[in-house]
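Have a look at the structure below before the remarks.
The values are calculated or read from the model by the stated rules, or taken from the named source; none is laboratory data. Computed from a prediction, not measured in an experiment: that's the story for all the values here. Glycine gets a Cβ as well: all are built from the backbone with ideal geometry, and neighbour counts include every protein chain shown.
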Amino acid sequence: MFNKMISGTVRGIDGIEVQVEVDISSGLPTFEMVGYLSSEVKEAKERVRTALRNSGYVLPPKRITVNLSPADLKKEGSAFDLPIAIAILTSLGYIHKQKTSSYFAVGELSLDGKINPIQGVLPLVDFAKKRGLKSCIVPEQNQLEGCVVKGINVYGFSHLKEVVDFLNEVDKRNPVPFDEKSYFEQGGEEYDFKDVVGQESIKRAVEIAVAGRHNLLLEGPPGAGKSMIAKRIPSIMPDLTLEESLELTKIYSISGLLGKKDGLLTKRPFRAPHHTSSQFSIVGGGRIPKPGEISLAHHGVLFLDEMPEFSRSALEIMRQPLEDGKITLSRVNASCEFPANFMLVAAMNPCPCGYFPDYNRCSCSPNMIQKYQNKISQPLLDRIDINMFVEPVGIENLQKEKKGEGSKQMKARVEKAHEIQRKRYKNCSFSYNGQMTPKEIGRFVKIKPEHEPLLKTMLEKYKLSARAYHRILKVARTIADLEQSETIETQHLIEAVSYRRLSGERE
Ligand SMILES: [Zn+2]
């Protein structure tokens, strides 16, 4: 009695096929599992056997062999318990055989037959759909993330007995419904820029940064409101598309970070790892590779508060993903790739005590300040186009200032600027001004001849390096896009120069 069931496992953020084959024959009673299995998978034998017995199914004294294929793929985790149990029950006639071949199943079993949640259900269901299967059997606690995949029926179960009844058509339940529209209409933003009073120039810089997908550095003393500003950045980013949302949800699904009530993630992420975070937690890794903070911030914001306090290695390893929008982790057997297309927002104090250039309060020596600033390497700073000094708003100003614009108006302008860029770069490998290389800047950022003397003067006056000059051109292009101006004008250039790093370039 041979039976086969289709299941899967996750590689990177995609599901791949694992076939569960069961053969029951006469011979000495044994239960054998083969197919390049990790220890958790080998333990499935005990879990499945006990779960079957406690659910009232009798295993005959026969030779049971379970094979997971392909043979060259190392199988990890406990998600194969359920398909193994189903294949055994089908072989024994508890389930009508013709039914199971069109189903995909994953889930961990408890000893009493309960089905426990697993990680990565969304990418697995997505795989099953692409494989052409019609239905998926998943743990009830994962059903909401599974049902967001269109074109396949997803059924959630909490006990093995329910699955048997369902496959035998005793339990005639409907697939879990998914209403895309209601997901995207859920609630507004938690943080709004309308609550940021008296920081209009910072809000402007943030808007430009988001509009051109420029990375941003906020410098300033403690209590100036750097984190308060950073937290509000996702509120002015355009809404996630369904495709982006699916990709992001897959990352959270394999990280085990989706709650029981989470189906699709519809908000842009804001990740703020602590400066003591290891390189591993920032970029990801592990025996079964898991995404790190840079991937959890995919399509959103990665906020590094007190950037100089992060370890040099954690900062340096971010350079490549900042360029490529993804991270490749090398494993012993194979390498695995996670998306990591995020906006970097960094914050730092200007000196160890935090109060430079306020000489009444700052007690740091020029040497100490230099050393502190040097903790961030020039190649990393080169990837940050917009720099702002954030001053605390005094009480008297707070009372004087009226409430400024909220996130809604800022977001509307950002959306328009994004549309202009998408059209301009439709045949390119990038979509936003902030992603241009020097060669592309030469092609897309046209400077009027009358502006050349002005740029030359600025270069000399501020002793700007070629890299700083390129950053200014990119930012000027975004400022012009925000005004929906085809050409770059004088005021755009002057404003762009103001976002250069004041402490200058280091060569
Ligand atoms: Zn100081």
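Output the residue which, of all residues in segment 203-232 that are within 21 Å of residue 434 (Cα to Cα) and touching a Phe, Trp or Tyr at 6+ places or on another chain (Cβ under 7 Å), is surrounded by the most Cβ atoms within 10 Å (Cβ to Cβ).
212
Just for helices (runs of 4 or more DSSP H) wholly inside segment 423-491: which have at least 1 residues that are crowded, with 17+ Cβ neighbours inside 10 Å and in the same structural domain as residue 387 (by TED's automatic domain parsing)?
Where helices (runs of 4 or more DSSP H) fall fully within segment 423-491, none carries at least 1 residues being crowded, with 17+ Cβ neighbours inside 10 Å and in the same structural domain as residue 387 (by TED's automatic domain parsing).
Being out of contact with any Asp or Glu (no Cβ under 7 Å at 6 or more places or on another chain), of a type outside the set (A, V, I, L, M) and over 20 Å from residue 487 (Cα atoms) is the filter here, so list the residues in segment 443-475 that pass it.
Those that are out of contact with any Asp or Glu (no Cβ under 7 Å at 6 or more places or on another chain), of a type outside the set (A, V, I, L, M) and over 20 Å from residue 487 (Cα atoms): 457, 460, 461, 462, 463.
Being without any contact (Cβ under 8 Å) to a residue 60 or more places away in the chain, within 27 Å of the chain's Cα centre (by Cα) and under 19 Å from residue 345 (Cα atoms) is true for just one of 237, 228. Which residue is that?
Among 237, 228, only 228 is without any contact (Cβ under 8 Å) to a residue 60 or more places away in the chain, within 27 Å of the chain's Cα centre (by Cα) and under 19 Å from residue 345 (Cα atoms).
What tally of residues in segment 177-191 results from selecting those that are modelled with pLDDT of 75 or more, over 21 Å from the mean Cα position of the chain (by Cα) and loosely packed, with under 14 Cβ neighbours inside 10 Å?
Selection size over segment 177-191: 2.
Exactly one of (1) among the small types (Gly, Ala, Ser); (2) under 28 Å from residue 384 (Cβ atoms); (3) in contact (Cβ under 8 Å) with a residue 60 or more places away in the chain; (4) not in a helix (DSSP H, G or I) is unmet by residue 263. Its number?
(2)
Got a number for residues in segment 140-166 being surrounded by fewer than 23 Cβ atoms within 10 Å (Cβ to Cβ), part of a helix (DSSP H, G or I) and over 27 Å from the mean Cα position of the chain (by Cα)?
Matching residues across segment 140-166 total 5.
Among the residues of segment 288-308 satisfying the criterion of being over 20 Å from residue 239 (Cα atoms) and in a helix (DSSP H, G or I), which is nearest to the chain's Cα centre (by Cα)?
Checking each candidate, the answer is 293.
Determine whether residue 257 is assigned to a loop (DSSP other than H, G, I, E, B), assigned by TED's automatic domain parsing to the domain that holds residue 331 and under 13 Å from the mean Cα position of the chain (by Cα).
Taking the combined requirement at face value, the residue satisfies it.
Determine whether residue 120 is under 23 Å from the mean Cα position of the chain (by Cα), of a type outside the set (S, T, N, Q) and modelled with pLDDT under 95.
The answer is yes for residue 120.
Of all residues in segment 27-75 being free of Cβ contacts under 8 Å to residues at least 60 places away in the same chain and among the basic types (Lys, Arg), which is nearest to residue 94 (Cα to Cα)?
Among those that are free of Cβ contacts under 8 Å to residues at least 60 places away in the same chain and among the basic types (Lys, Arg), it is 53.
May I ask you to verify whether residue 306 is within 16 Å of the ligand (Cβ to nearest atom) and among the charged types (D, E, K, R)?
yes
Only residues that are surrounded by 14 or more Cβ atoms within 10 Å (Cβ to Cβ), charged (D, E, K, R) and either within 16 Å of the ligand (Cβ to nearest atom) or in a loop (DSSP other than H, G, I, E, B) (or both): list them for segment 330-385, please.
331, 371, 375, 382, 383, 385
From the list 405, 391, exactly one residue is out of contact with any strand residue (DSSP E or B) (no Cβ under 9 Å at 6 or more places or on another chain), within 16 Å of the ligand (Cβ to nearest atom) and assigned to a loop (DSSP other than H, G, I, E, B). Which is it?
Checking each option against the conditions leaves just 391.
Restricted to segment 309-326, and to residues that are surrounded by fewer than 23 Cβ atoms within 10 Å (Cβ to Cβ) and outside any helix (DSSP H, G or I), which residue is nearest to the ligand (Cβ to nearest atom)?
311
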